[in-house]
Amino acid sequence: MAFTPADLARATARDRNLTRADLSRANLTNTDLAGARLSRANLTGATLTYSNLARADLVGATLAGANLTYADLHGATLRGADLTGATLTGAILMGVDLTNANLTGATFSGPAITYLVANAQRAPVLHANLHGVTLTRANLSNANLTQGDLRGARLQGANLTQTNLQGADLTGANLVGALLTRTNLRNAILARANLRGATLSGVLCSATTRWPAGFVAPPCQ
């Protein structure tokens, strides 16, 4: 099922069956898609700013490069969805299921970060794909990102106090000015990571923690 951008822009499509719909690059600004069935839909590059996607079924949907700024996604199911390079600035993600979702290069801020942290504090986000994600100045304290893929992540000024990054891959991550107090870095990979100005106090590390070349590692706890 294919729609032109004009078909759903600012329209009401609440509870509609849009399974496998081709909505790539569609303008869905302010569109009401609450409860819509969008599993396997193609929303590549779609504009979904201020859209209502509450309780929507987006299992396996492709949202690569989609703009979800200030979208309401509370209670939505995004299991296995592709959110590569998506913008979720100010998005409401309370109760969202992001199991096995690909968040490579996604940008989070505001409520979206609040959700990400709260979810990661309740239960481990094992093997989370956050490759290249932007979480500048995010408060990720106490989050459990065990074995997460954070290669190239932008974490400048982030609060990683007591964050569990055991076995995480932070290759090439930007941690300039980040706070790593009592952070668990056992078995973590920080090759080519930028730790300039970062605070590392009481970090948990091990002989298998891989630090950047030439970096003077702190004492391991």
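The values are calculated or read from the model by the stated rules, or taken from the named source; none is laboratory data. Here the structure is a predicted model, which is why all the values come from computation and not from measurement. Note that each Cβ is placed from the backbone with ideal geometry, even for glycine, and that neighbours are counted across all protein chains shown.
A few points about this structure:
- Close Cβ contacts (under 9 Å, 6 or more residues apart or on different chains) running from residues in segment 71-86 that are closer than 18 Å to Gly45 by Cα to residues that are part of a loop (DSSP other than H, G, I, E, B) and of a type in the set (Phe, Trp, Tyr) comprise Ala71/Tyr50; Asp72/Tyr50.
- When Leu179, Leu195, Leu200, Leu190 are screened for being buried (at least 24 other Cβ atoms within 10 Å of the Cβ) and in contact with a strand residue (DSSP E or B) (Cβ under 9 Å, 6 or more places away or on another chain), only Leu190 passes.
- Residue in segment 38-52 that is in a loop (DSSP other than H, G, I, E, B), closer than 22 Å to Gly132 by Cβ and in contact with a His (Cβ under 8 Å, 6 or more places away or on another chain) present: no
- Residue list for segment 53-77, restricted to those being within 16 Å of the chain's Cα centre (by Cα), at pLDDT 95 or above and part of a strand (DSSP E or B): Thr62, Asn67
- Total residues in segment 22-37, condition surrounded by fewer than 24 Cβ atoms within 10 Å (Cβ to Cβ) and part of a loop (DSSP other than H, G, I, E, B): 6
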